[in-house]
Amino acid sequence: MRTALIAGNWKMNGSLALVEDFARTFAEARLPAVEVALMVPAPYLDAARRAFDDTPLAVGAQTLHPEAKGAFTGEVSGDMLIESGARYVLVGHSERRNLFHEDDAAVLARVRAALTVGLTPILCVGESLEEREAERTEAVVLGQVMAVFDALEPDERVRVIIAYEPVWAIGTGRTATPEQAQAVHAAIRARLGEYDATLAEDLRLLYGGSMKAANATELLTQPDIDGGLVGGASLQVDDFLAICQSAG
Ligand code: PEP
């Protein structure tokens with residue numbers, strides 16, 4: 001039985017005031033059996049960890065550097081994220097792949113760094129619109145999954161969460177239909193089954209791409225969708241809470 005996870009991704013948005021807002025609302029929220037996490041900008045991690053102490057909210061980061069320390073001005077290591085309260089970290093988000101040129105090797109290095117320090121990596125994968133139109137969705141998405149999973153040991157694979165995020169649906173207001181999302185999730189789960197049947201059964205697959213309160217239920221009730229990675233709607237506490245309440 002996979003427990004749903006709803007993870008918010010604030011990207012480079014939000015404020016300390018918004019952290020407090022979420023803490024107040026979630027301290028009193030009634031939630032189904034669901035895990036909830038917020039990927040806040042790194043400078044807010046410690047404040048979020050403290051503010052969310054009496055809430056069901058866990059804290060996560062949006063990226064990490066693969067090295068433990070060194071001359072990497074501006075970067076943050078996994079240990080620093082752990083010390084600041086993070087439990088999760090996004091890896092391979094399409095904005096990191098596209099804007100910061102992180103290729104599959106860079107994504108794998110970051111997944112490994114996360115696992116080494118005890119962070120749960122949320123590995124983001126997804127096809128562009130051109131790739132979908134060229135009917136290459138499965139090849140692209142499974143290729144991104146295998147670039148990481150082929151290189152991991154079995155006991156490392158079970159510690160990863162995968163988020164399927166079609167790039168054309170991120171921040172566009174254009175959501176994949178439940179059928180489109182389910183089909184890709186099922187293909188990922190089938191591919192994981194080639195590593196190990198238990199891995200395929202247990203590993204959580206999130207959907208991301210313009211998820212909002214109005215479309216969350218139909219996505220989250222698909223058999224292979226185990227939660228959501230929510231960008232824009234995670235900046236509005238009432239919308240995000242409504243999405244969490246649709247899960248589980
Ligand atoms: C994201 O950034 O991972 C995301 C899914 O964004 P949005 O919900 O705004 O499409």
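The values are calculated or read from the model by the stated rules, or taken from the named source; none is laboratory data. Bear in mind the structure is a predicted one, so any value in this text is a computation, not a measurement. All Cβ positions, glycine included, derive from the backbone under ideal geometry; neighbour counts span all protein chains shown.
At-a-glance table
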item	result
Pairs with Cβ under 7 Å, 6+ apart, first in segment 43-62 and touching a residue at least 12 places away in the same chain (Cβ under 8 Å), second of a type in the set (Phe, Trp, Tyr)	Thr55/Phe26; Pro56/Phe26; Leu57/Phe22; Leu57/Phe26; Ala58/Tyr88; Val59/Phe52; Gly60/Tyr88
Single unsatisfied condition, Ser94 versus (1) surrounded by fewer than 17 Cβ atoms within 10 Å (Cβ to Cβ); (2) touching a Cys at 6+ places or on another chain (Cβ under 8 Å); (3) of a type in the set (Gly, Ala, Ser)	(1)
Check on Arg204, farther than 19 Å from Glu138 by Cβ, within 16 Å of the ligand (Cβ to nearest atom) and in contact (Cβ under 8 Å) with a residue 40 or more places away in the chain	yes
Where a residue in segment 79-98 is over 12 Å from Gly60 (Cβ atoms) and in a strand (DSSP E or B) and its partner, wherever it lies, is at pLDDT 95 or above and not aromatic (Phe, Trp, Tyr), with Cβ under 8 Å and at least six apart	none
Single condition Leu235 does not satisfy, out of (1) away from the ligand (no atom under 15 Å from the Cβ); (2) within 30 Å of Val117 (Cα to Cα); (3) surrounded by fewer than 20 Cβ atoms within 10 Å (Cβ to Cβ)	(1)
Odd one out for Glu218 among (1) surrounded by 22 or more Cβ atoms within 10 Å (Cβ to Cβ); (2) in contact with a Pro (Cβ under 6 Å, 6 or more places away or on another chain); (3) assigned to a helix (DSSP H, G or I)	(1)
Residue within segment 150-160 that is of a type in the set (Gly, Ala, Ser) and either assigned to a strand (DSSP E or B) or surrounded by 16 or more Cβ atoms within 10 Å (Cβ to Cβ) (or both) present	no
Residue in segment 22-33 that is within 16 Å of the ligand (Cβ to nearest atom) and either in a loop (DSSP other than H, G, I, E, B) or closer than 22 Å to Ile170 by Cα (or both) present	no
One residue from Val107, Val125 being buried (at least 23 other Cβ atoms within 10 Å of the Cβ), of a type in the set (A, V, I, L, M, F, W, C), over 21 Å from Asp155 (Cβ atoms) and within 16 Å of the ligand (Cβ to nearest atom)	Val125
